[in-house]
Amino acid sequence: MRDIGFIGLGIMGRPMAERLLGAGYAVTVFNRTPQKAEPLLARGAHWADSPEAVARRSELLITMVSDSDALQDVARGPQGVLRGIRPRAIHVDMSTVAPHTVEDLERTYRERGAVFLHAPVLGNWRHAAEGTLLIFVGGDRQAYETCEPVLRTLGQKIWYFERITRATHMKLIANSFIASMILTLAQAFVFGRRVGITPTRLLEILDASALNAPMYQSKGRTMCERDFRPNFYARHMLKDVDLLLEAARCANVPLPVFGVIRELFVATTARGFGEEDYSAVLKVMEEMAGLAPEDGAS
Ligand SMILES: NC(=O)c1ccc[n+]([C@@H]2O[C@H](COP(=O)([O-])OP(=O)(O)OC[C@H]3O[C@@H](n4cnc5c(N)ncnc54)[C@H](OP(=O)(O)O)[C@@H]3O)[C@@H](O)[C@H]2O)c1
């Protein structure tokens, strides 16, 4: 399987598609905003005019799009993948989307004689570029085994689940750590600064302790530099918290802390920080405490 279709060339999709090109695959790409494909075309990728056209050319196609609605558009739209999918072709979606969306698509593809797998990822664009993402794959085992070598080009570790939604749920659970950890760190920064403990000092002490996590150090550094350029959009963090709450509601599991976490990410997007990194939630915590960015920062 050397011909791969790739749809969705955003923060994550572009380095993933580049990685596949670098590994020698022939990659046909489509992106809603065509300009974003230019760097890939310059490296030898082929352009297709629609998801349908990508599907006509590919035995395996990968999508990396914003959310469930985007995935539904790409799959079921008037020029969507399902219009052009070949018999026995495999569509692997790697976006973070709703469990019911992947279940619906799995059923529809099966009815068409094709296969839909869900393979959401943990890691950022740097991991995507290095091929060190962590991948949770769910769905048909034989199809997974067929595309495993391609997934190994993108990911350092893969966990396979027979039931498609287990992979989806695993990704939502992983993101629950990201959402709560960033808020724990932002709160600690704001409180520390108010009482005269700088974020740098706090990170140094965390680093020496059992409380540390690599994420605290990497995000802590960019928060200290007030670098909120997006690795992962704040609006996507809100989307994922909503997906988590909805999935937990369906499973009859209370997630009381996430009610509060959701409100803080709603505030982050309402303040106009949705296109910034999710760590911009720090600015909301500062505002709530009446702290200016420079207060107690160094
Ligand atoms: N960034 C991260 O660190 C990270 C890590 C793990 C997982 N994820 C997940 O990976 C997915 C992609 O994230 P990202 O950071 O790469 O986001 P992004 O930069 O916003 O990219 C989103 C992609 O989806 C496309 N898209 C959106 N709506 C569409 C529609 N209706 N029809 C067709 N294409 C559409 C966009 O096309 P345009 O270019 O035309 O807008 C773009 O290519 C999300 O589900 C996210 O939660 C992200």
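The values are calculated or read from the model by the stated rules, or taken from the named source; none is laboratory data. Just so it is clear, the model here is predicted, and its values are computed rather than measured. As a convention, Cβ positions derive from the backbone with ideal geometry for all residues, glycine included, and neighbour counts pool all protein chains shown. To get the accessible areas, we keep the full protein, side chains included, count just its heavy atoms, and leave off ligands, DNA and RNA. Shrake-Rupley method; radii C 1.70, N 1.55, O 1.52, S 1.80 Å.
Could you check region 229-260 and list, in sequence order, the residues that are in contact with a helix residue (DSSP H, G or I) (Cβ under 7 Å, 6 or more places away or on another chain), more than 14 Å from the ligand (Cβ to nearest atom) and not in a helix (DSSP H, G or I)? Correct list: Leu255 only. Selection within region 18-32: residues that are within 16 Å of the ligand (Cβ to nearest atom) and touching a Gly at 6+ places or on another chain (Cβ under 9 Å). The member of this set that is farthest from Pro78 (Cα to Cα) is Arg19.
Looking at region 40-51, can you tell me whether even one residue there is open to solvent by 30 Å² or more (accessible area, probe 1.4 Å), closer than 17 Å to His91 by Cβ, modelled with pLDDT of 95 or more and assigned to a helix (DSSP H, G or I)? Within region 40-51, not a single residue is open to solvent by 30 Å² or more (accessible area, probe 1.4 Å), closer than 17 Å to His91 by Cβ, modelled with pLDDT of 95 or more and assigned to a helix (DSSP H, G or I).
Are any residues in region 234-277 of a type in the set (Phe, Trp, Tyr) and within 13 Å of Ser180 (Cβ to Cβ), and if so, which ones?
Within region 234-277, Phe258, Phe265 meet the criteria.
Of note, Ala280 satisfies the criterion of being out of contact with any Gly (no Cβ under 6 Å at 6 or more places or on another chain), in the same structural domain as Asp240 (by TED's automatic domain parsing), surrounded by 17 or more Cβ atoms within 10 Å (Cβ to Cβ) and of a type in the set (Gly, Ala, Ser). With the condition kept exactly as written, say whether any residue in region 56-73 is near the ligand (Cβ under 10 Å from one of its atoms), small (Gly, Ala, Ser) and closer than 21 Å to Cys147 by Cα. Among the residues of region 56-73, not one is near the ligand (Cβ under 10 Å from one of its atoms), small (Gly, Ala, Ser) and closer than 21 Å to Cys147 by Cα, which makes the answer no. Taking region 186-203, which residues are among the aliphatic types (A, V, I, L, M), touching a helix residue (DSSP H, G or I) at 6+ places or on another chain (Cβ under 8 Å) and farther than 15 Å from Met288 by Cβ? Those that are among the aliphatic types (A, V, I, L, M), touching a helix residue (DSSP H, G or I) at 6+ places or on another chain (Cβ under 8 Å) and farther than 15 Å from Met288 by Cβ: Leu202, Leu203.
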